[in-house]
Structure formats: structure tokens, C-alpha cells
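All remarks here apply to the structure that follows.
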Amino acid sequence: MICCKNLYLEYPDGDKTKTILNNINLTINKGENVILLGPSGSGKSSLIYLLSSLRKATRGEVFFNERSLTNENVRVIADVRKNHFGFIFQMHFLLPYLTVLENVMLGKNDFSKQNKIRAVEILIGLGLSEHISKKLHQMSGGQRQRVAIARALMNDPDVIFADEPTASLDHQTACEVISTLKNHKKDSILIMATHDTSILSGNERIIRLADGKTIE
Ligand SMILES: Nc1ncnc2c1ncn2[C@@H]1O[C@H](COP(=O)(O)OP(=O)(O)OP(=O)(O)O)[C@@H](O)[C@H]1O
Ligand SMILES: [Mg+2]
């Protein structure tokens, strides 16, 4: 379960403050697929960063499985992320001088043979079997996006945070990828920001962001 209480995100703006997220309260239970919708700049990425504890809120609290992460030290939070969370960023943050396989294996930071087999299986499942040994610069945008998705699946996460994971994919591939993210494990949570509502299948929980507030 991921939960947030009275969450605010503010930035200084001249001599005023700009409120990006304004008192967000959410409880996301096991097995839920949550879609964050909203115009550009509405705070979708920001909310993903706060819920995953990649960034600190100005005020408010975030919980993972009833444990507050807000006042935990960076090591504890890093452990939670490493063991329970998978990330697909809007900018992929893949390493260009590594191969596809190495980038995916980094998702677990474990270069054992067993982990290699797992990485290869995930890449095959995402249609990248012919690209495993390529360097990133030899890949198209959509292929890179799928490498980022493979990396996020490596640690078998309980929660996947996905920021526009299908932005450079064709419709068919996008639908397959979403299905992989939703079904990768029983009871896992998907929290995904997107602009593309054509990839939704109707079994998602839709949360819209507007003026710093959420509307369900
Ligand atoms: N470090 C920062 N300092 C000041 N303002 C910021 C900072 N980071 C983000 N913002 C502002 O926060 C707002 C929300 O940004 P965010 O990236 O969360 O939007 P988004 O909904 O993900 O947009 P998009 O659909 O374009 O990805 C934007 O208005 C942005 O300008
Ligand atoms: Mg964004």
C-alpha cells in the first residue's frame, strides 16, 4: 500500500511561492493500477517523485505499507526503493556506454549468471531479443523505452512508478507494455502518468490533477 497525507509541493517564485501540489491525500492499495492524468505542468511527475520518496514534499507524509518514509534516513529509503520499487522515468536515464543487457541488469545491481538469465527473459518478453548485446546509441527511442521498462522489472517490484512509459511506442506495443506492467506480479501496484488515454482498458483507477488538486 502507498499512501500520502496532506502532501504539499511548493517552489519559490520570485517573492511568492508557487504551489504545485496542494494538499494531496491518497491511499493506493495492493493490486491497484492508478493512472495520473492532467495537462503538462499539472504535477504528474512531481507526484510520482514524492510518492516514491525520490523527492521530499514541502509538507505532508508518505507511507509504504503503513510505514512512514517521510522522516526515514536516506539509507532506509534507498533500501525500500531497491527492494520494492521499480521506476520508469520520463527521461529514461539509461547509460549510453553500456549494452542493453547491462543496463537492465543494473536494475538489480547484480551481475550474477542467474540475474543475467532473468534480464534476458524480461528483454525477450518485451520484444527485444535481437538487441540484447547492442549499445544504447544503436537503439530507437521506443526500443530504449522498453529497455527502461525491462530495468524497472528486474527487482520484481511491489510498486512500479512509470512516468509516460509509452510516449515513444506505437499503439500495439504500448498496449502490450501496459499489460506487462499491470500483470508482472500478483498484487503489485502500478502508478503511471500518461497523456495517452487510448491505451487504458477500463480497469484502472483514474486520478486527474488540476490546479494542484486530485480529482477521482
Ligand atoms: N525544480 C523546480 N523548480 C521550480 N518549479 C518546478 C521544478 N520542478 C518542476 N517545477 C514545476 O512544477 C510543475 C509540475 O511539473 P511536473 O514535471 O510535475 O509536471 P507534469 O504534469 O509531469 O508535466 P508533463 O506532462 O509535461 O510531464 C511545472 O509547472 C514545473 O514548471
Ligand atoms: Mg511529467
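The values are calculated or read from the model by the stated rules, or taken from the named source; none is laboratory data. These numbers were taken from a predicted model, which means no experiment stands behind them. Glycine also receives a Cβ, built like all others from the backbone with ideal geometry; neighbour counts cover every protein chain displayed. Just so you know, the surface numbers come from the protein's heavy atoms only, side chains and all, with ligands and any DNA or RNA stripped out. Shrake-Rupley method; radii C 1.70, N 1.55, O 1.52, S 1.80 Å.
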Among all the aspartates and glutamates, which ones have a C-alpha under 18 Å from Lys44's C-alpha, if same-chain residues fewer than 8 places away are not counted? Glu10, Glu32, Glu61, Asp163, Glu164, Asp196, Glu204, Asp211, Glu216
Report the net charge of residues surrounding Gln172, where surrounding means a beta-carbon distance below 15 angstrom and charges are Lys +1, Arg +1, Asp -1, Glu -1. -2
Would you look at the GNM of the chain, springs on alpha carbons closer than 10 Å, and say which of Asn103, Asn71, Asn23 moves the most? Asn71
Spacing of the two label points (7 Å from each Cα toward its C-beta) at Leu98 and Asp79, in nm: 2.3 nm
Top of Ile149, Ile88, Ile117 by mean-square fluctuation, Gaussian network on the chain, Cα under 10 Å: Ile117
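In the neighborhood of Arg59, defined by Cβ-to-Cβ distances under 11 Å, what is the net charge if each Lys or Arg adds +1 and each Asp or Glu adds -1?
Values: positive: Lys5, Lys56; negative: Glu10, Glu61.
In short, 0.
Only helical DSSP H runs with n ≥ 4 go in: add -39500 (n - 2.57) per run for the chain, normalise by residue count and round the 222 nm mean residue ellipticity to 500 deg cm²/dmol. It would help to have the intermediate numbers written out before the result.
Details: 6 runs with 64 residues, N = 216.
Rounded to the nearest 500, it is -9000 deg cm²/dmol.
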Pairwise FRET efficiency - Asp13 versus Gln90, Cβ, R0 = 22 Å, nearest 0.05: 0.45
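So, by mean Cβ neighbours within 10 angstrom, what's the order for 24-32, 157-165 with the highest one leading?
Details: 24-32: 15.2, 157-165: 23.3.
Result, highest mean first: 157-165, 24-32.
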Check: C-alpha center region 27-82 vs C-alpha center region 102-150, spacing in Å is 26 Å
Report relative contact order for region 1-59 in percent, whole number only (criteria: Cα-Cα under 8 Å, sequence separation at least 6). 38 percent
Can you spot the lysines whose alpha carbon is less than 16 Å from Lys186's alpha carbon? Ignore those fewer than 8 places along the same chain. Lys30
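Quick one: grab the alpha carbon gyration tensor of the chain, order the square roots of its eigenvalues as a ≥ b ≥ c, and give me rounded if a/c is under 1.5, else prolate or oblate depending on whether a/b is larger than b/c.
Working: a/c = 1.74, a/b = 1.53, b/c = 1.14.
Here the chain falls in the prolate category.
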With Cβ to Cβ distances under 14 Å as the rule, what net charge do the other residues near Met1 carry (K, R +1; D, E -1)? -1
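If packing is taken as the average count of other Cβ atoms within 10 Å, what order do 186-194, 75-83 fall into, highest mean first? Each step should come with its number before you reach the end.
Values: 186-194: 20.2, 75-83: 14.1.
My ranking of the peptides, most packed first, is 186-194, 75-83.
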For region 45-139, what number of Lys pairs, 8 or more residues apart or on separate chains, have alpha-carbon atoms under 26 Å from each other? 14
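Need one word for region 133-174: rounded, prolate or oblate. Basis is the Cα gyration tensor (sqrt eigenvalues a ≥ b ≥ c); a/c below 1.5 gives rounded, then a/b vs b/c decides.
On the way: a/c = 2.48, a/b = 1.26, b/c = 1.96.
In terms of gyration-tensor shape, oblate.
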Can you say what percent of the DSSP beta bridges in the chain, counting only those with both residues inside, are antiparallel? Round to 5. 55 percent
Mean Cβ neighbour count within 10 Å, used as a protection proxy, ranking 142-148, 124-130, 174-180 highest first: 142-148, 174-180, 124-130
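With every protein chain present, what is the per residue accessible area of the chain (1.4 Å probe, Å²)?
On the way: 10870 Å² over 216 residues.
Accessible area per residue, the chain: 50 Å².
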Karplus 3J(HN,Hα) series, Hz, for region 83-92 with 6.51 cos²θ - 1.76 cosθ + 1.60 (x for Gly, Pro): 8, 10, 10, x, 10, 10, 8, 4, 9, 4
